Amino acid sequence: MLSYLLAVAFIPAVVFGHHHILPCPGGLPTPTAVRVQGCDSFPCYINSGDLVSYEVDFVQPHTTDALTLALNATVFGVEREVTLPPGASNACNSLIGASCPVSEGQSVTQGTTIPVFTEYHGGIPAQLRFQISHTMHGHEHICVCTLVNFIIN
Ligand SMILES: *[C@@H]1O[C@H](CO)[C@@H](O)[C@H](O)[C@H]1NC(C)=O
């Protein structure tokens, strides 16, 4: 069962070829590019204690003055929230070459460095769900979402 789940999780990486952009389920907006430093092709290999730097390019779907970053990691079929460093959940603080407010249709790059802490090691597949959202009229709207496959060394 476990190997079946892992096989399913990794099929999209093959289908999407060199773009490596895996959409989140539910037709959510996908990035135009994802770059992870030190990782030329996915899955990326990481060790606990690493600092992982990434950049994500996307087209902002709505005008807003607030952007919230959230990361979840799925290991062995269990999805958990990734605790971000203080201030990192405010994605307005980590826009590259832009600042909030951002406008509908604006091409935006967000990127930061996240310390990796995990109790796993030894080649464990993990899938990261990367999401930036904003709240409009009391509802959360997803601006960009993607899945990234990692191997925990
Ligand atoms: C992240 O995982 C938590 C715990 O399983 C879940 O409650 C939450 O909805 C997830 N968030 C996203 C953005 O998928």
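Details
- Residue match in the stretch 77-89 (condition: surrounded by 15 or more Cβ atoms within 10 Å (Cβ to Cβ) and away from the ligand (no atom under 16 Å from the Cβ)): no
- Conditions (1) over 15 Å from residue 88 (Cα atoms); (2) more than 16 Å from the ligand (Cβ to nearest atom); (3) not charged (D, E, K, R): number failed by residue 144: (2)
- Pair list, Cβ < 6 Å and 6+ apart or interchain, from the stretch 59-81 residues that are hydroxyl-bearing (Ser, Thr, Tyr) to residues that are more than 9 Å from the ligand (Cβ to nearest atom): 63/103; 63/104; 64/134; 68/89; 74/127
- Of all residues in the stretch 125-153, those that are assigned to a loop (DSSP other than H, G, I, E, B) and in contact (Cβ under 8 Å) with a residue 60 or more places away in the chain total 1.
- Residue list for the stretch 125-138, restricted to those being away from the ligand (no atom under 14 Å from the Cβ) and at pLDDT 95 or above: 125
- Selected residue (only one of 152, 132 is crowded, with 19+ Cβ neighbours inside 10 Å and under 14 Å from the mean Cα position of the chain (by Cα)): 132
The values are calculated or read from the model by the stated rules, or taken from the named source; none is laboratory data. These numbers were taken from a predicted model, which means no experiment stands behind them. Note that we place each Cβ from the backbone using ideal geometry, even for glycine, and neighbour counts take in every protein chain shown.
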